[in-house]
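Novice: One structure, as structure tokens, below. Some questions next.
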Amino acid sequence: MKSRHEPPPLDSSTARAFFTERIPAEWFIDEVEVSLDDVEILIVGRLAPPDGDDAETACRGTIEAHREATRDARIRIAADAEREFERKVSWGARCGDLGILFTHLSVPAMTRLRLPQRLVLDTLVDGGVARSRSEALAWCVRLVERNLDEWLAEMRDALANVEDVRRKGPDRP
């Protein structure tokens, strides 16, 4: 049986340093957000909100202008990162309350569900909330993410601390 290729280990501080070094300071008003797993690195930066009455429309225009103006440079930075880290790089921006992902992966995730969980998904499909069980499961994950964001952030921080302690420990066989 052929095993799946595992990319080299990567922690968020290494990825953050890589992108901070390469992303021009004038692109964003704060440090970029770096999220990653074993498949993808997502870079999201905050743009200065424009003045005006219709904030969402103005921010949408600001994000789109930034996307177009930085496209070639983002592609070069992503290509370097993909060679270095063996992961796809995705980009996004936030402006005011609006966040837009320019590129991102939709990666299949296999799971085994018991009848009660499948019935939840089927109810969402039958009710028109989702077109498929897969879409219904993604909807559920987004709902948990939105409603438990603070708790999930605490969990991620705790896991980062575990990662730091593990890294400082003895080499594993």
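Novice: Pairs of alpha-carbon atoms within less than 8 angstrom and 6+ residues apart define the contacts here; what relative contact order does segment 35-123 have, in percent?
Specialist: Working: 98 pairs, mean separation 30.2, N = 89.
So the answer I get is 34 percent.
Novice: Take the chain, mark every one of the GluC sites (Glu not before Pro) that falls in a DSSP loop and has at most 16 other Cβ within 10 Å, then report the longest stretch left between them, sites excluded.
Specialist: On the way: sites that count: E31, E86.
It runs 87-173.
Novice: A follow-up question, please. With an 8 Å cut-off on Cα pairs and a minimum separation of 6 or more residues, tell me the relative contact order of the chain in percent.
Specialist: Working: 164 pairs, mean separation 27.4, N = 173.
Reported as a whole number, the value is 16 percent.
Novice: Over 14 Å apart: what share of the alpha carbon pairs of segment 33-122 falls there, rounded to a whole percent? Please list the in-between numbers first.
Specialist: Numbers: 2813 of 4005 pairs.
Taking all Cα-Cα pairs of segment 33-122, the fraction more than 14 Å apart is 70 percent.
Novice: Now, a different point. Between N147 and L115, with labels modelled 7 Å along Cα→Cβ, what's the label distance in nm to one decimal, could you check?
Specialist: So the label points at N147 and L115 sit 2.5 nm apart.
Every number in this text was worked out from the coordinates using simple rules, so none of it is lab data. Only a predicted model underlies this, so the values are computations on that prediction, with no experimental measurement involved. Reconstructed Cβ throughout: ideal geometry from the backbone, glycine too, with neighbour counts over all protein chains shown.
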